[in-house]
Structure formats: C-alpha cells, structure tokens
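Single-structure report; data block below.
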Amino acid sequence: MTASLIDRVRERLAAEALSSAALRPNVVAEAIRAESGGLLGDSEVLRGLQVMQTELTGAGVLEPLLCADGITDVLVTAPDAVWVDDGVRLRRSEIRFPDEDAVRRLAQRLALAAGRRLDEAQPWVDGHLSGLGTGEFTVRLHAVLPPVAVGGTCISLRVLRPATQDLSALVGAGAIDPSAAVLLDDIIRARLAMLISGGTGAGKTTLLAAVLGSVPAHERIVCVEDAAELAPVHPHLVKLVARCPNVEGVGAVSVRELVRQALRMRPDRIVVGEVRGAEVVDLLAALNTGHDGGAGTVHANSPAEVPARLEALAAVGGLDRAALHSQLAAAVQVVVHVSRDRAGRRRLTEISVLERGPDGAVCGVPAWQLVTGSCRGADQLRSLLENRRRS
C-alpha cells in the first residue's frame, strides 16, 4: 500500500459518502481492488485492508494504547515519539507512525470526528471524542499543526474513564487514610460545600465521584461537566454535559450556562466537575442561594493556592477580587487536596477549612494532613460540623 494508493482509496470512500459504521471490510477491500486496478492479490489486499482500517477508523495505531488498562494519556510529539502515562510515570511506547503526514492525517480525522476543524487556518483543536475502543470512555483531544508546533504535528489524548469508585474502595486502595475518610463522611453529611484541588492526573475526579456516591440517597444531585467523567453510584443523579461548537462555529453550550440551568432543576446539591473558567461566578452564586453541600474540582498545587486560582477564574467572569472573596467565604467551607507522590500513587494529602482574614481575603487553614494528622484548623472544622448538626 503506497501513500498514493491510500489517498486514492480514501478519496473514493469519501466520494461515496460512507459513514464509519458503513466502512465494512468488504467495502474497503473492494475500494482497494478498484483503485489498484486489480493488480493486488488476496494477501496484498488483506494487508491493505489492515492499513486502511488503521487510517480510517478509531484512533488508528493509538487505539490499543487508549484501550489499555491504566493508561491516562497518550501523547504524540513526532512520528517516532509516542508517549503514554500509565498512572505512574510517562514512558515512551513502541508505537511508530510511518511519517509526519500520517500523524497529521490522524489528527485531522480525529478533529473531524469531534466536530471541529484542523487546518492551516485553524492550526489547533480542542474537543472530545466518544465511541473509541469499547465505547466505554471518552477521550479529550488536543492537537496542534506545524508551523505552530515547530517539531511536527502534536496530538494529546486524555482518557476520561467513568469515575465510579466509592470511598471505601479508595480507603482499601490506600488513596485515603481511614481518619481522613471519617472526616470526609462527616463533611458530606453536614452538607458543607467543598472544592477538591490538585494537579493534573492527581485523582480529583475520582475522589469527587466517591464523595457523591456517599451523599444520602434521598438527595437530588445535579452535576455539570465539560466532559462526562463522573459516574457515582447514586440513585438520583442528573448529568448535564457542555457542548463544543460544531465545524461552523455554532451550537456551543457552555458550562456556565448549564450551571444556570441546574438552578432551575430543583437540586439538593449542585456539582461542577471541573471549575476552569467564568462558571466559578455562577457556582459561587448558586452555593450562596441555599444550595448547601455543593462541590467541584479545581486545579491548584495546594489548598493555600485555591483562593488565588479562583481569583483568576472569576476575573474572566467579571467578578473583582473583593467580591470573589466575599462570595467564597460564604459559599465554600472546605478544600480537600489530592496529589501524586514520587511513586505515582494518588493520595488525599490535606483537608483545609476556609476562613476570612481581617483584610477580607479568604485563606485555607489545614485541619488534617497526611503526614501530621490533625492540624490547627481541626477545631474550626469541628465547630462547623457541630453547628450544622444543631441547625
């Protein structure tokens, strides 16, 4: 199968307007025979069929990596440089592309599958893919074309598997210390609002799903996400998922708009899977209108950095620093932090309470830490829990 023959077969199938579901092996084989002028034998057609299936369906040569257990990220930086994160560290895989054109074709095909465009006029794409592999997970796609990507087309794929583990499973796996699990359970039942902070891949979504699974069954949870990741075991969960614009640039539904819609759905708890933009303004407003016990995740290196992170996000939504801290002080009581140690293990490392200082700024006070246990904020957390029990 030469590059020229591959292109001709692809163009022939495209001209016949066949969907991915209609690309049956016999259809592709017939296209190969036709474009080769009948000069290929059965063995050559079979090899060509394998090449075309890689070129036309799924994630091509990256599909086995995406389907492998424990893989969280697949990163392509060059035809001969495909990296994977197996939950412990980044390592180079054995997968190779024939050339730069093959990487570019895959990136553009994935972009089209996500309903986005990727070409010289729009040299990067950010979107979500579903139906890859077994169809049991979603993939977040990001790709950049040259010359913006100087070394060649770059593809970044984040595997978003449904987060279904409960707190007891995380305790059993060593991700949560038993004493921290008791505190979490008290926080959930006292309906204190919390943010789960941590870096990329630290396990924020996994912990949030476990927390939601411990919410009493009679409560209605409305969860807003950028991509469907949360799948807690709870009998009354409503999931709203944002939508990217299509190739014409229309049809987008933002997380911020969905937070507003969630308020009209009679929620007992409002949850935002990841607070990453101006939706923080609407989330804090919602938590200040009687919706106790809400939750969300946010990227931050420590609980102490969460207020500054929220300041930056709120500025995008038009909320100034003073207003942000005022809203935050009234809306959120607890920050739970997760991180990965040097061995790659994901652990709950700190539980902090938020308090407002004399200058009006909110700061995090550690109440529990993995290394030391109870900290100076423990009494404040205990007081919050007792007040909620009495109310």
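The values are calculated or read from the model by the stated rules, or taken from the named source; none is laboratory data. Note that this is a predicted model, so its numbers are computed, not measured. Here the Cβ is made from the backbone with ideal geometry for all residues, glycine too, and neighbour counts use every protein chain on show.
Before we move on, is Thr72 within 21 Å of Pro162 (Cβ to Cβ) and under 24 Å from the mean Cα position of the chain (by Cα)? Taking the combined requirement at face value, the residue satisfies it.
Looking at Leu66, Leu75 in this structure, which one is touching a Cys at 6+ places or on another chain (Cβ under 9 Å), at pLDDT 70 or above and either surrounded by 14 or more Cβ atoms within 10 Å (Cβ to Cβ) or on the phi > 0 side of the Ramachandran plot (or both)? Reasoning before the result, please.
Numbers: Leu66 fails: touching a Cys at 6+ places or on another chain (Cβ under 9 Å).
After applying the criteria, what remains is Leu75.
Being within 15 Å of Asp292 (Cα to Cα), of a type outside the set (A, V, I, L, M) and over 19 Å from the mean Cα position of the chain (by Cα): is that true of Arg264 here? So Arg264 does not fit the description; no.
If you filter the range 342-365 down to residues that are at pLDDT 90 or above and assigned to a loop (DSSP other than H, G, I, E, B), you find that the one that is surrounded by the most Cβ atoms within 10 Å (Cβ to Cβ) is Ala361.
When you scan the range 229-245, how many residues do you find that are of a type outside the set (Lys, Arg) and under 22 Å from Asp126 (Cα atoms)?
So the first thing to find is which residues in the range 229-245 are of a type outside the set (Lys, Arg), and the list is 229-238, 240-242, 244-245.
From what is left, the residues that are under 22 Å from Asp126 (Cα atoms) are 229-230, 240-242, 244-245.
Residues that pass the stated criteria total 7.
Please work out if Ala329 is among the hydrophobic types (A, V, I, L, M, F, W, C) and within 19 Å of Ala295 (Cα to Cα).
Details: among the hydrophobic types (A, V, I, L, M, F, W, C): yes; within 19 Å of Ala295 (Cα to Cα): yes.
Considered against the rule, which asks whether it is among the hydrophobic types (A, V, I, L, M, F, W, C) and within 19 Å of Ala295 (Cα to Cα), Ala329 comes out as yes.
Within the range 286-297, the set of residues being in contact with a Leu (Cβ under 9 Å, 6 or more places away or on another chain) and either under 10 Å from Ala331 (Cα atoms) or in a loop (DSSP other than H, G, I, E, B) (or both) comprises Ala286, Thr289, His291, Asp292, Gly293, Gly294.
Count of the range 225-248 residues, restricted to those that are under 18 Å from Gly296 (Cα atoms) and part of a strand (DSSP E or B), is 7.
Identification of helices (runs of 4 or more DSSP H) wholly contained in the range 107-214 with 3 or more residues that are within 23 Å of the chain's Cα centre (by Cα) yields 167-172, 204-213.
When the residues of the range 243-276 are narrowed to those that are of a type outside the set (Val, Ile, Thr) and touching a Leu at 6+ places or on another chain (Cβ under 6 Å), which ends up modelled with the highest pLDDT? It comes out as Leu258.
Of the residues making up the range 173-194, one or more are over 27 Å from Glu355 (Cα atoms) and surrounded by fewer than 14 Cβ atoms within 10 Å (Cβ to Cβ).
Quick one: how many residues across the range 221-261 are in contact with a Pro (Cβ under 8 Å, 6 or more places away or on another chain) and surrounded by fewer than 16 Cβ atoms within 10 Å (Cβ to Cβ)? Lay out the reasoning, then the answer.
Here is the first cut: in the range 221-261, the residues in contact with a Pro (Cβ under 8 Å, 6 or more places away or on another chain) are 221-222, 228-231, 238, 251-252.
Cutting the leftovers down to surrounded by fewer than 16 Cβ atoms within 10 Å (Cβ to Cβ) gives us 238, 251-252.
The number of residues fulfilling the criteria is 3.
Contact map, the range 246-259: residues that are among the hydroxyl-bearing types (Ser, Thr, Tyr) paired with residues that are outside any helix (DSSP H, G or I), Cβ distance under 9 Å, separation 6+ or inter-chain. Pairs shown: Ser254/Ala242; Ser254/Arg243; Ser254/Gly277; Ser254/Ala278.
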